[in-house]
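The values are calculated or read from the model by the stated rules, or taken from the named source; none is laboratory data. Since we're looking at a predicted model, the values are computed, not measured. As a convention, Cβ positions derive from the backbone with ideal geometry for all residues, glycine included, and neighbour counts pool all protein chains shown.
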Amino acid sequence: MITFKQVNKAIQKLYPDVILVQGRGYLYISSDNDDVLYKISGMYTSSIMTCKLNHYSSVEQVVKDVKYLIESDINESFKSQS
């Protein structure tokens, strides 16, 4: 079973201070760091339209979706971190 702790540890190797959290019927990225949260708020979307984390088969698959979400951001909010 995949946990948020495992996923967030893997995400933070690529994007420090970015975390994946559970919303109502979807997952989304957020941060406790105000600068990073500001960048996230400027993104076209911060949501992954998957109801629950257990719909994924691996941590790598979740990280791939988060990476795609951040790297395909049309406002390029995270380009300075990549």
Among Asp35, Asp65, which is assigned to a helix (DSSP H, G or I) and loosely packed, with under 13 Cβ neighbours inside 10 Å?
Asp35
Which residues, taken from segment 38-49, are more than 15 Å from Asp17 (Cβ to Cβ) and either under 12 Å from the mean Cα position of the chain (by Cα) or of a type in the set (A, V, I, L, M) (or both)?
Thr45, Ser47, Ile48, Met49
Meets criteria (within 12 Å of the chain's Cα centre (by Cα) and in a helix (DSSP H, G or I)) for Ile29:
no
Looking only at segment 38-57, count how many residues are of a type in the set (S, T, N, Q), surrounded by 11 or more Cβ atoms within 10 Å (Cβ to Cβ) and touching a residue at least 40 places away in the same chain (Cβ under 8 Å).
0
Take Asp17 and tell me if it is at positive phi and surrounded by 13 or more Cβ atoms within 10 Å (Cβ to Cβ).
yes
His55 vs (1) modelled with pLDDT of 90 or more; (2) in contact with a helix residue (DSSP H, G or I) (Cβ under 8 Å, 6 or more places away or on another chain): all pass except (2)
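Quick check on my filter: what residues within segment 28-58 are aliphatic (A, V, I, L, M) and either more than 15 Å from Tyr15 (Cα to Cα) or touching a strand residue (DSSP E or B) at 6+ places or on another chain (Cβ under 8 Å) (or both)? Steps first, please.
Taking segment 28-58 first, the residues aliphatic (A, V, I, L, M) are 29, 36-37, 40, 43, 48-49, 53.
Selection gives Ile29, Leu37, Ile40, Ile48, Met49, Leu53.
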